[in-house]
Every structure is written in structure tokens, then in C-alpha cells.
Amino acid sequence: MTRFAGELKYAPQEDKVELVIWGASELLQIDFYNDTFLGETTDGLKLTLTHLQRSHSTSTISQYPKYVHTVQVAGAVIVGMHFNKIEDIHFSRLAICYTDQNLFIQRNGFEINLGQQTTTIDYTAVDDVQLYSDNLTVINLSFTYTTTLTDTLSQEARIVQREYFHVETIQDSMDYRLIVEQITMLRDFLTFSINKNVYLEECYFYDYEHANDKVMTKIFHLLDRTFWKRNLERGHHTHQNIMFTLEDIESGKIQYGDWIAIYQRKKSAIEIFFALRYRRETFLEEVFLELIQILEDYHRNSPNFRQCIEPETEFENKITEIINACPTKYKKWLKKALKHINEINLQWRINDILKLFNLTVSRLMPDTKVRNETVEKMVASRNYLIHRSERAKKKVIQNYHNFFYLNDLIRIMMTMLIMYDLGLTMQEIDNKMYCVPEFVHRMQIDWKGIG
């Protein structure tokens, strides 16, 4: 273990946590990203820092240079415990609280009684709600409340309700990777449900410890850059933008287990899709290119969609017959040339999705000819941005502002695909689309003019 003198600077308003190391001239032997750094707060709490990124070093001009190294914390700050390796970070219980989660929960234990003389407010504890359970993990939503005196000389008190998502492993503990995955899945589910970016407000691990016939709770707080509050919007969306609430979970209309299944089957597409919502300062065409790749990836990993032009057995028989009839010296070349000929292309995939959701798409683009032209522009724009070919340039989007419309169209398609995988019927999906801002905002535009 190497000792350094330094200071941890935390500035959430600037989206920054930095470790400033003093006096060490050479840090080349340190693996900042994979090593952990241990420290203490001024009041004696243990700190563990993970995933550091060396930023820059400065030195004074003198006979004895004093070096100052600034290192950005790209991962987590764990408050309350030391971990010598990232692999050692694992817990069996996790509690999470997000910003704006009340828009999804929409429940409290307060009841206002309007009397003739006085108005009273009663509070009844709200029972826990189970979001998900299997033989490995249980996820509950628990409701707590705190009471604090408004003044030391006053008899008045304030009651505040607080809700936490509790993730608990039944058999084994979760390592750091699984912890981040659980936090991300819940965050994205809330983002999808209320059409609003949410951020980690509070997160801690906890374990029970038995000592002297007492059960003690050991709590370790997590501060992770991945979930910091960034560019928080002021105010809330109106109620019609809320797609799902806790009532939909309790009624069984929406299963959180289905959300987990989507993540497991289509992780590469779904993670990037939601990460784009939280990314800043990205060019329009870059967003379009990522969105179109996400859509293609999602379709490719959806077994309910056709993935081949012809059934594989029928295609293989046809290819075998063609190759057998080919001169021997050309067989190897022909087999290689025909290897991917049965795969469907991007245009097929987009039309597949639009056809499946025709009930909703016909409201957005009633003219079939305009719809086909829009798909051709999407494909040509994708091809040009990747290959920069002159052939694709003839049909590519000329006005870059129109990428706003194409990007929203892809977001609309992805939203419908996710709802479809969550088990909603076509009519239910059509009704819910009026809660999706991208859909509502693009209903009145002239898609024929997108070019």
C-alpha cells in the first residue's frame, strides 16, 4: 500500500469530485482506474474511492518542485468502510431513493380531516410493496416517515414521508457491478414510466450484525458519478406524461420482472438508449446514428420479429443445390458470397416495426408513401454517416435540423417496442403514446417536408 497526502474535493453543482495529491512527482506505477484509494473524512469516517482518472499535474518553479496531481473520480465514493480491491465491494442489501420518484409512487399516508373548528392531518403507515421476487433477489418499495420539531421551544412537529427501493439478495451478496446494474435498471424504469430524467438522491448499503443479543445495522453510503444530479429540470411534467405508476405494478398490468427480462435479453440496446437521455453536448447526427443502431440491435434480439428472408432450412437447401451445381473452382468463392444473403436489412427492420404498430403509426404518418420515403431517408442517412458514399448522399437528409424529427421517430418506435415487450396490447400502447412527449409533439408536422 502506498501513502499519499491529499484532499478530496466534492462540488456537485459543478458535477465534479476530484482527488488532489500533493508532493509525489511520479505516479506512473499507479493503476488509477482499477486500484482503490482509501482515506478518511475530517470527522473520522472511512472513505473508499474507485475508478479514478488522472487529469493533470502541476509543479512550482523552484529548486525543490512541489507537485500537485489532480485526479477525477469517475466511479464511486463509498463512505463508511475501506475496501482494498474493487472485487471486495459486495453487499447483500441496497437502499435507493431517486429524485421525482413521487411522480411514479403517487401515494402517501396523510389524510386531511376538515372539521368545523379545526383541521387535522392524520398519518397512517403505508405497507411495503413488492416489485419483484425470485429465488435470488427481492425488490421492495418501503415507506418511512421522520418527525422533526420545527423549533426547540415549539410543540409543533413536521412529518415527512420518505420512500426507498430496497434490493436484497437471498443467497449471495452483490458485487459492485451488480449493484450498479440494479441501480441503473430501477433508474431507467422510473425514467420510462414518468417521461422524466431521474437522478440518484440517496443510496446506501446495509447489513445486519448480531452482537450482545442485539441486532445492529451497519450502513455504508454510496456516492457514484454515474447517478449524480445533472442539469435538473425545473418543475414537473403534467400528469398526462406519466405512463406508468405504482398502481400498474400492484394491479399486475406491468411486471417489473418483464423489465428485468428486457434488460437481460436486449442489454446492449436498452442501456445505450437510456444513457443517451442523460448525455450532454452531443451532435444531432451522432445521436441519430446511435439511435438507429440501437433500434437495429433491439429488433435483431427480438424473437417475435422475422430475422431471415426465407426460413433457414429452406434457404440452406437452396444454397446447397446452387453450390453443388457450381464449377468446383468457384464453389468456395460462391459460398462466401452467399453467406449473408438471407439476412434482412435495416429498411426491412424499420418497416417491420412500423407495420407491427400500424394503429399508432397511422396517426403519426397517415400517408403510406410519405412513410416509405421517410424510411428511405433514414436508411440513406445511416449509410452515408457510416460509409460517406456518394450514392447514399443523394437521398440523405440535407437539412440537419430534420434529424430532430428522425431522432424522435426512432424514440417513438423504441418506446412502442418496450411497451410491447412489457405485455401491453396494441390498443393499450396506442392509448399510452399520448403520454409520450415525442409522439404528441410530432403529430402535427408535415413529414413530407422532412428532407
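The values are calculated or read from the model by the stated rules, or taken from the named source; none is laboratory data. Computed from a predicted model, the values in this text were never measured in an experiment. As a convention, Cβ positions derive from the backbone with ideal geometry for all residues, glycine included, and neighbour counts pool all protein chains shown.
Residue by residue through segment 17-58, note down the ones that are assigned to a loop (DSSP other than H, G, I, E, B), surrounded by 15 or more Cβ atoms within 10 Å (Cβ to Cβ) and of a type in the set (A, V, I, L, M, F, W, C). Of everything in segment 17-58, those that are assigned to a loop (DSSP other than H, G, I, E, B), surrounded by 15 or more Cβ atoms within 10 Å (Cβ to Cβ) and of a type in the set (A, V, I, L, M, F, W, C) turn out to be ALA24, LEU27, ILE30, PHE32. Of the conditions (1) closer than 30 Å to VAL198 by Cβ; (2) outside the structural domain of GLN130 (by TED's automatic domain parsing); (3) among the aliphatic types (A, V, I, L, M), LEU334 fails just one. Which one is it? Result: LEU334 passes all but (1). Comparison of ASP100, ASP122, ASP127 shows that the only residue that is in a loop (DSSP other than H, G, I, E, B), among the charged types (D, E, K, R) and in contact with a Phe, Trp or Tyr (Cβ under 8 Å, 6 or more places away or on another chain) is ASP127. Quickly run through segment 104-158 and pick out the residues that are exposed (fewer than 11 other Cβ atoms within 10 Å of the Cβ), of a type in the set (Lys, Arg) and modelled with pLDDT of 80 or more. Within segment 104-158, no residue meets the criteria.
Being under 12 Å from the mean Cα position of the chain (by Cα) and modelled with pLDDT under 95 is a condition met by no residue of segment 240-259.
Residues of segment 76-96 that are of a type outside the set (A, V, I, L, M) and more than 26 Å from ASN140 (Cα to Cα): HIS82, PHE83, ASN84, LYS85, GLU87. Confirm whether LEU276 is at pLDDT 95 or above and part of a helix (DSSP H, G or I). Spelling it out, it is not the case that LEU276 is at pLDDT 95 or above and part of a helix (DSSP H, G or I). Scoring GLN101 on the criteria (1) surrounded by 16 or more Cβ atoms within 10 Å (Cβ to Cβ); (2) without any contact (Cβ under 8 Å) to a residue 60 or more places away in the chain; (3) polar (S, T, N, Q) leaves a single failure, condition (2). Based on this model, can you work out whether GLU285 counts as among the acidic types (Asp, Glu) and over 29 Å from the mean Cα position of the chain (by Cα)? No, not satisfied.
Which condition from (1) crowded, with 19+ Cβ neighbours inside 10 Å; (2) touching a helix residue (DSSP H, G or I) at 6+ places or on another chain (Cβ under 6 Å) is the one that VAL370 breaks? Result: VAL370 passes all but (1). Would you confirm whether or not segment 339-361 contains a residue that is more than 40 Å from the chain's Cα centre (by Cα) and not acidic (Asp, Glu)? Scanning segment 339-361 turns up no residue that is more than 40 Å from the chain's Cα centre (by Cα) and not acidic (Asp, Glu). From the list GLY423, GLY449, the lone residue that is under 26 Å from the mean Cα position of the chain (by Cα) and among the small types (Gly, Ala, Ser) is GLY423. Residue count for segment 241-262 under the criterion of being surrounded by fewer than 17 Cβ atoms within 10 Å (Cβ to Cβ) and either in contact with a Gly (Cβ under 6 Å, 6 or more places away or on another chain) or assigned to a helix (DSSP H, G or I) (or both): the result is 8.
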